[in-house]
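The values are calculated or read from the model by the stated rules, or taken from the named source; none is laboratory data. Given the structure is predicted, the values throughout are model-derived calculations rather than measurements. Every residue, glycine among them, receives a Cβ derived from its backbone with ideal geometry; neighbour counts consider all protein chains shown.
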Protein chains: 2
Amino acid sequence: MTQAYHGLTEAGLLHSRVGRGTFVAALAAGAQGPGAVDPARGFAWGGLLARRARAVRLPAALAADALASAAYDFRGGQVDPASLPVADLKRAFRVALESSALLASHRDPLGWPPLREAVARALLARGIRCGPEQVAIVNGAQHGLDLLGRVLVDPGETVVMEQPGYFGAAIAFGAAETHLLGVGVDAEGLRTDELARILRARRVKLVFTTPAVQSPTGVVMSPRRRRELLALADEYQVPIVEDDYDSELRYGGPPVPSLLNEDAARRVIYLGTFTKALFGAIRVGYMVAPPDLLWRLALTRWASDMQTDLVTQAALAELLESGAFERHVRRVRMVYSARRTALLAALARHMPEGTSWIQPAGGNAVWLTLPAGSDGPALHDRAAAAGVAYTRGDAFFLDAAGAGNLQLCFARLEPSQIEEGIRRLAALLALPGGFDA
Amino acid sequence: MTQAYHGLTEAGLLHSRVGRGTFVAALAAGAQGPGAVDPARGFAWGGLLARRARAVRLPAALAADALASAAYDFRGGQVDPASLPVADLKRAFRVALESSALLASHRDPLGWPPLREAVARALLARGIRCGPEQVAIVNGAQHGLDLLGRVLVDPGETVVMEQPGYFGAAIAFGAAETHLLGVGVDAEGLRTDELARILRARRVKLVFTTPAVQSPTGVVMSPRRRRELLALADEYQVPIVEDDYDSELRYGGPPVPSLLNEDAARRVIYLGTFTKALFGAIRVGYMVAPPDLLWRLALTRWASDMQTDLVTQAALAELLESGAFERHVRRVRMVYSARRTALLAALARHMPEGTSWIQPAGGNAVWLTLPAGSDGPALHDRAAAAGVAYTRGDAFFLDAAGAGNLQLCFARLEPSQIEEGIRRLAALLALPGGFDA
């Protein structure tokens, strides 16, 4: 068995209490379904696995996160289904299916040309000036990370990422068999002093960062840190991967520039996605990079799955061109702004002393630190029993840290549900004798 | 520069004569667009490439195939856009966007459950009995090959494939840095005597085959060869990858069973796709494999792009469940049957002595062998100038073979266009002094 499978077993996910609708639940169902393999028959597939497949690991905290549905669901990566522009989406798909180039299965591993053009235009609003020849469409930001790992990093080479940081990046670069090193995050974002120390000590192949809305803390990288980061990239000739996953969602304050804006030396690779601003059912994201890197990515991309679903690409192009996408973003920004306010108010009202959290300037989640000495994993189980789900903080760390943290996503719940969910969570924290099992 | 780039340059594809709508053309456009990089600025990305990225190679013959549109387009991998069930597709996407589970961005790297169930049901018609827990949805068959290469084959390990054989498999397994070995094909399909010799001599990690409609020859694997192939897989404990890409298109003769039917020992991994029977704009295929292998594939799949576009998956599930997909397959089978007849008649009428071809029992292409001593590459250029495009035979070989072969796809042209295209091609072959430049 691989380590990942061990993790699943240890997390109890191979028992019947798992729910549907999540990755791990699906794995668990697959591993114990009616067609489950009699070990006496057929191959022992585990013995045939490639080294790189054994390198793919799902954090135990994510496995633990894959429980059944919860009444108060603060788990990350969600959007508000009720806010989706369903009528606009239906129209966009209908229009897409009227395109003769689409019906003739136009092929382009860099993406559907009208979508690449629409993305380049939309990025202007983000202050990014680029032509469609610098844009490649991918199957969401995760796919961009996977391609970058495959194309730029040899097994054993070092990739640096923020700690805490987006677990999807850790999984993608882990699958590329890279050596992952963490660099700390504080109120100004990625700690460039720590990064400088790492760069002096060893060769680094890529630095992964989320400057506009640090994942998971919600911190915005300060102008000073941005300058320092770019200067370090120059000095050590290290490409920077800027994951701008949630920049559409910003709540007051001056707009946060993209690192790409300030990147005269073209060492920033920019990732954006429609899976957050719209919804995760649509697997479309985009990468902005120098054309000579893009077509190298395109070769690997063609080898792996040729191109992103063209019907969806064409529908998104239509959604962008008609203005429906922008209207949708304006609408959910208001919806999420109210939910963010409700969450922050509920936290202030209910959380016991010693709990702290960061007011996020953007995104759709709040990073919370429990009072010192709290048992995070035990709280997670108790909360689940009380109908409250969230993402465990240790999912965002490469090492054993993060047990005292949690991420609360406010996208999916109404303000009244947010209030009740936080009240329940705080009550568990305030239990006499703490909340340990 | 990588070898692939060398190939593009040598093929003249970085000049302005390239057209749109093809992979290589897109690459070429990217490499010379207005945003093209000044080498004095930024990184020399080529120096940063991982070894596995340098292993991705596009056959020169495919590069040559990427010319501008042609009046008589026999290039492979196409379907008839005029036969597409556009109204049914529009309805299916509309219905998909009404699913609340979809709008809530249901997550499952093995695929949308209703589609996995519909695929399992549809496979019954192919004689395959499997449950949805044995089905994983992927982004087309190419993606299935990529995942198998990543999960099952370490760099330097050996994969055996038919020669001639599907170039997409060579590209995917090449990207996995595997050692590719060819095994011959004759009128009964894959030559099991050659495979036995290879298996005696070295350890083989996977055997790739297209038994129902051999790609590109169209030959059907005989029952005797099937038995021998499965016996060899048992004896040497080698998994078989069965790419059943075009089994929906069959023109008379008894149905060809799937290898999976006869696979008591579960050593066959089955790949099917909607990109051929429907169209390539939809990047959805499926894999049938033992659940313990499937969830290992799912881990790598999640790390790479989480899941296949859910809107498209749900639309396909609706298309299958409503019967619209089956109606479409019945309709195109008739359309393509008439085009196949027209192509075979035109070849018989026009081709000079010494030309031979195989009557395909299925699929949508004919494999042709030019008279001995013919200069295939020169003919390809002359044909392009005469408005006739096809896929060069050497695209299907790992070595320098195939210059005397070509693949003619009959899916996209009306019978009258087929007649005229073949007349033009034959006229070039019959030119005094041959057709060498």
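Within region A:220-243, take every residue that is in contact with a Pro (Cβ under 8 Å, 6 or more places away or on another chain) and part of a loop (DSSP other than H, G, I, E, B) and give me the one that is nearest to A:ARG330 (Cα to Cα). Only one residue tops the list, namely A:VAL220.
The set of residues in region A:377-395 that are small (Gly, Ala, Ser) and buried (at least 19 other Cβ atoms within 10 Å of the Cβ) comprises A:ALA383, A:ALA389, A:GLY393, A:ALA395.
For the structure I just gave you, tell me whether A:GLY189 is in contact with a Pro (Cβ under 7 Å, 6 or more places away or on another chain), more than 9 Å from chain B (Cβ to nearest Cβ) and over 30 Å from B:ASP146 (Cα atoms). So A:GLY189 fits the description; yes.
For region A:174-204, which residues satisfy the criterion of being of a type in the set (Lys, Arg) and under 20 Å from A:ASP244 (Cα atoms)? It would help to see each step written out before you state the result.
Going through region A:174-204, the residues of a type in the set (Lys, Arg) turn out to be A:191, A:197, A:200, A:202-203.
Residue satisfying the conditions is A:ARG191 alone.
Mind checking whether some residue in region B:279-287 is within 12 Å of another protein chain (Cβ to nearest Cβ), more than 21 Å from the chain's Cα centre (by Cα), surrounded by 23 or more Cβ atoms within 10 Å (Cβ to Cβ) and over 30 Å from B:ARG197 (Cα atoms)? Within region B:279-287, not a single residue is within 12 Å of another protein chain (Cβ to nearest Cβ), more than 21 Å from the chain's Cα centre (by Cα), surrounded by 23 or more Cβ atoms within 10 Å (Cβ to Cβ) and over 30 Å from B:ARG197 (Cα atoms). Just one residue in the set A:LEU271, A:LEU293 is assigned to a strand (DSSP E or B) and either in contact with a strand residue (DSSP E or B) (Cβ under 7 Å, 6 or more places away or on another chain) or more than 18 Å from A:GLY218 (Cβ to Cβ) (or both); that residue is A:LEU271.
Please indicate, with yes or no, whether at least one residue in region B:306-313 is in contact with a Leu (Cβ under 9 Å, 6 or more places away or on another chain), assigned to a helix (DSSP H, G or I) and at pLDDT below 95. Taking every residue of region B:306-313 in turn, none turns out to be in contact with a Leu (Cβ under 9 Å, 6 or more places away or on another chain), assigned to a helix (DSSP H, G or I) and at pLDDT below 95. Looking at this structure, is A:ARG330 surrounded by fewer than 24 Cβ atoms within 10 Å (Cβ to Cβ) and within 11 Å of chain B (Cβ to nearest Cβ)? Taking the combined requirement at face value, the residue does not satisfy it.
Assess whether B:LEU368 counts as being at pLDDT 95 or above, part of a helix (DSSP H, G or I) and surrounded by 16 or more Cβ atoms within 10 Å (Cβ to Cβ).
On the way: at pLDDT 95 or above: yes; part of a helix (DSSP H, G or I): no; surrounded by 16 or more Cβ atoms within 10 Å (Cβ to Cβ): yes.
Spelling it out, it is not the case that B:LEU368 is at pLDDT 95 or above, part of a helix (DSSP H, G or I) and surrounded by 16 or more Cβ atoms within 10 Å (Cβ to Cβ).
Just one of the listed residues (B:ALA70, B:ALA101, B:ALA118, B:ALA87) is surrounded by fewer than 19 Cβ atoms within 10 Å (Cβ to Cβ), farther than 24 Å from A:ALA96 by Cα and of a type in the set (A, V, I, L, M), and it is B:ALA70.
Just one of B:ALA386, B:ALA395 is in contact (Cβ under 8 Å) with a residue 40 or more places away in the chain and either within 14 Å of chain A (Cβ to nearest Cβ) or under 26 Å from B:ALA169 (Cα atoms) (or both); which is it? Spell out the reasoning first.
Working: B:ALA386 fails: either within 14 Å of chain A (Cβ to nearest Cβ) or under 26 Å from B:ALA169 (Cα atoms) (or both).
Among B:ALA386, B:ALA395, only B:ALA395 is in contact (Cβ under 8 Å) with a residue 40 or more places away in the chain and either within 14 Å of chain A (Cβ to nearest Cβ) or under 26 Å from B:ALA169 (Cα atoms) (or both).
With respect to the stated conditions, B:TYR251 fails to be in contact with a strand residue (DSSP E or B) (Cβ under 7 Å, 6 or more places away or on another chain) and crowded, with 19+ Cβ neighbours inside 10 Å. Residue pairs whose Cβ atoms lie under 6 Å apart, sitting 6 or more positions apart in sequence or on different chains, and linking a residue in region A:313-336 that is farther than 24 Å from A:SER99 by Cα to a partner that is assigned to a helix (DSSP H, G or I), are A:VAL329/A:ALA277; A:VAL332/A:SER83; A:VAL335/A:SER83. May I ask you to verify whether A:GLY149 is under 24 Å from the mean Cα position of the chain (by Cα), within 10 Å of chain B (Cβ to nearest Cβ), in a helix (DSSP H, G or I) and small (Gly, Ala, Ser)? Here the answer is yes, as A:GLY149 does meet what is asked.
Of everything listed in (1) more than 10 Å from chain A (Cβ to nearest Cβ); (2) in a loop (DSSP other than H, G, I, E, B), the single unmet condition for B:ARG121 is (2).
Report yes if some residue within region A:203-221 is over 30 Å from A:ARG392 (Cα atoms) and at pLDDT 95 or above; otherwise report no. Yes - at least one qualifying residue is present in region A:203-221. Taken over region B:83-118, the residue count meeting the criterion of being among the aliphatic types (A, V, I, L, M), at pLDDT 95 or above and outside any loop (DSSP other than H, G, I, E, B) is 8. A Cβ distance below 7 Å, combined with a sequence gap of six or more or placement on separate chains, defines the contacts here; from region A:96-111, residues that are within 17 Å of B:GLN78 (Cα to Cα) reach residues that are in a helix (DSSP H, G or I) and at pLDDT below 85 in the pairs A:ARG107/B:PHE23; A:ASP108/B:PHE23; A:ASP108/B:ALA26; A:PRO109/B:PHE23; A:PRO109/B:ALA26.
Among the listed residues A:ALA169, A:ALA201, A:ALA176, identify the single one that is on the phi < 0 side of the Ramachandran plot, assigned by TED's automatic domain parsing to the domain that holds A:ALA233 and over 20 Å from the mean Cα position of the chain (by Cα).
Numbers: A:ALA169 fails: over 20 Å from the mean Cα position of the chain (by Cα); A:ALA176 fails: over 20 Å from the mean Cα position of the chain (by Cα).
Answer to the check: A:ALA201.
Among the residues of region A:59-72, are any more than 11 Å from chain B (Cβ to nearest Cβ), assigned to a loop (DSSP other than H, G, I, E, B), more than 15 Å from A:ALA315 (Cβ to Cβ) and aromatic (Phe, Trp, Tyr)? No, because not a single residue in region A:59-72 is more than 11 Å from chain B (Cβ to nearest Cβ), assigned to a loop (DSSP other than H, G, I, E, B), more than 15 Å from A:ALA315 (Cβ to Cβ) and aromatic (Phe, Trp, Tyr). Checking B:ALA303 against (1) surrounded by 17 or more Cβ atoms within 10 Å (Cβ to Cβ); (2) in contact (Cβ under 8 Å) with a residue 24 or more places away in the chain, which test does it fail? The one condition B:ALA303 does not meet is (2). Only a single criterion out of (1) assigned to a helix (DSSP H, G or I); (2) facing another protein chain (nearest Cβ under 10 Å) is not satisfied by B:ALA136, namely (1). Among residues of region B:259-278 that are more than 17 Å from B:ARG129 (Cβ to Cβ), those with a beta-carbon under 7 Å from a residue that is part of a strand (DSSP E or B) at least six positions away or on a different chain give the pairs B:LEU271/B:VAL241; B:LEU271/B:GLU242; B:LEU271/B:ASP243; B:LEU271/B:GLY285; B:LEU271/B:MET287; B:THR273/B:GLY285; B:PHE274/B:GLY285; B:THR275/B:GLY285.
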